[in-house]
Amino acid sequence: MERTVYDTYVQILTNELVPALGCTEPIAIALAGAKAREVLGGEPERIRAICSGNIIKNAKGVVVPTTGNMKGIDTSAILGALAGDPSLGLEVLSKVTPADLEAVREKLAEGMCRVELLDTPAKLHIIVEIQGGGHTALAEIRDEHTNVVRLERDGEVLFAKEAVQDSGGDEAILDTLDLADIIEFANTVDLDDVRPVLSRQIEYNMRIAQEGMTHAYGGRVGSTLMRHYQADVRLRARAMAAAGSDARMGGCVLPVIINSGSGNQGITCCVPVVTYAKHLDASEEVMYRSLVVSNLVALLQKRGIGRLSAFCGAVCAACGSGAGITYMHGGDYETIARTITNTLANVSGIVCDGAKGSCAAKIAASVDAAILAHEMSMDGCTFGAGEGLVKDHVEQTIASIGRMASQGMRETDHEILKIMIEQGSGC
């Protein structure tokens, strides 16, 4: 493998597999609030949270971490402004106290924060404006959850950098991903180069999966599966991944390691692969190399879709875990390609209608599809070119799904947002 490609793949894993506390969209709003408060340098009196449609969709229905059961964009913005630590990135709310939560409840009752829809071509776009003490401050995040592109105080620009439309700044690096190279990288990578990020992913994401399995969060999808279905490795892989999402969407304060900017996707890339590794008594080396495949295959698909869309990201992540499980069973390029094709041919129609408790069920369904795809592939079975969006080669199939998700589902995305706003459940 060329050294430049090798180094790029190490960089991708290092950049993508980072910790986050709670659902990343509310956290990004809280981070913008904390940044704006830092710039203001005083007590906030009024707040405007102006967000793109996809941010509203993914933030309005999920519990804000550290709050217990509080939801909403206004909650996220106020909590970030009052108690967030902007130096902590996606763990901005990790130092919140009960007194902070009481202050947030008071400010919510006073109507401190106004939420508005931002007219923007970017899927991930947040502007938080704060007034206080006769001054104003603004923080703008775009394209990636921690990508601050502008800071202002009293109309003076203190910091600004160019935002590239529909790009995440470093998103172009994902264009280097290629399935054959991913497999070669997984085969040859010096594990010392990836062990720090992968060992942390295993530790964090298995811990939150166990938390969701043993405590009552959300719809308890993971524990329901374990109670009512045959508890073999296939079931455990689905249930543990779902349980991690149960906890995460239910407000659990444990951090996770994300993939593609999403905690749910990070859990789904990791937990099924680790569950299979334990079942097979696989070596640490095999487990790590399988996780390399899983994480990079998930990212390979996201490059054509983007961070946020109407396409459920759990499908991409589960497809990655299926590829990782196939690799763990000794699968070569063709076998892994069949697993990817079989998964996408099955569940690529699942839509994203926001981050919330039912994401756990979508994860369970997607992982189930990925395991079926893996077993079909190991038997030499695959869906053929011309069946729906399946093409002659796996890279073409991935591209066709990306085109459907990024272009064909634009109106779907708009309609989902309109329906969610019409529900009158607030932001």
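The values are calculated or read from the model by the stated rules, or taken from the named source; none is laboratory data. None of the values given here were measured: they were computed from a predicted structure. We place every Cβ from the backbone using ideal geometry, glycine too, and count neighbours over all the protein chains shown. Side chains are part of the model used for accessible areas, which takes the heavy atoms of the whole protein and leaves out ligands, DNA and RNA. Shrake-Rupley method; radii C 1.70, N 1.55, O 1.52, S 1.80 Å.
Numbers for the structure displayed
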quantity	calculated
Computed over the chain, Cα set: Rg, Dmax in Å	20.9, 69
Other-chain or far-sequence residues with amide H under 5 Å of H125's (modelled H)	S52, I55, D143
Along each principal axis, Cα extent of segment 255-332, largest first, Å	37, 31, 15
Positive minus negative residues near V10 (Lys, Arg vs Asp, Glu; Cβ under 10 Å)	-3
Size-normalised alpha-carbon gyration radius of segment 248-404, reference 2.2 N^0.38 Å	0.97
log10 of Debye I(q)/I(0), alpha-carbon scatterers only, for segment 1-58 at 0.14, 0.16, 0.27 Å⁻¹	-0.62, -0.71, -1.08
Loop-located GluC sites (Glu not before Pro) in segment 4-95, at most 16 other Cβ atoms within 10 Å (DSSP)	E45
Cα-based equivalent ellipsoid, segment 328-427: semi-axes from gyration tensor eigenvalues, Å	31, 17, 9
Alpha-carbon gyration tensor eigenvalues x 5, square-rooted, for segment 293-372, Å	21, 13, 10
For segment 228-296, average projected area of the Cα convex hull in nm²	5.1
Highest-fluctuation residue, Q210, Q230, Q201 considered, GNM on the chain with Cα pairs under 10 Å	Q230
Binned Cα-Cα distances of segment 4-133, short to long, each 5 Å bin given as a whole percent	2, 12, 21, 23, 19, 10, 6, 4, 2, 1, 0
Expected 222 nm ellipticity per residue - DSSP helices of 4 or more, -39500 (n - 2.57), all of the chain, to 500	-17000 deg cm²/dmol
Equivalent ellipsoid semi-axes - Cα gyration tensor, segment 369-424, angstrom	32, 15, 7
DSSP loop trypsin sites (Lys or Arg not before Pro) with at most 13 other Cβ within 10 Å excluded, longest remaining stretch of the chain	162-427
Antiparallel bridges, percent of DSSP beta bridges restricted to segment 51-190 (to nearest 5)	95
Accessible surface, segment 206-314, averaged per residue in Å² (probe 1.4 Å)	31
Alpha-carbon centroid distance for the pair segment 294-327 / segment 25-94, whole angstrom	27
For segment 58-121, the spread of Cα positions along each principal axis, largest first, Å	36, 28, 18
Stokes-Einstein D for segment 148-297, Kirkwood Rh over Cα pairs, 25 °C, 0.890 mPa s (µm²/s)	142
For q = 0.26, 0.30, 0.32 Å⁻¹, Debye-computed log10 I/I(0) when each Cα of segment 169-215 counts as one equal scatterer	-0.94, -0.99, -1.02
Environment charge at F383 (Cβ cut-off 15 Å; Lys +1, Arg +1, Asp -1, Glu -1)	-3
Local electrostatic count at V271 - Lys and Arg +1, Asp and Glu -1, tallied over other residues with Cβ under 10 Å	+2
Ratio Rg/Rh, restricted to segment 118-159 and using Cα atoms, in which Rh is the Kirkwood radius	1.02
GluC sites (Glu not before Pro) restricted to segment 355-409 and DSSP loop, no more than 14 other C-beta within 10 Å	E387
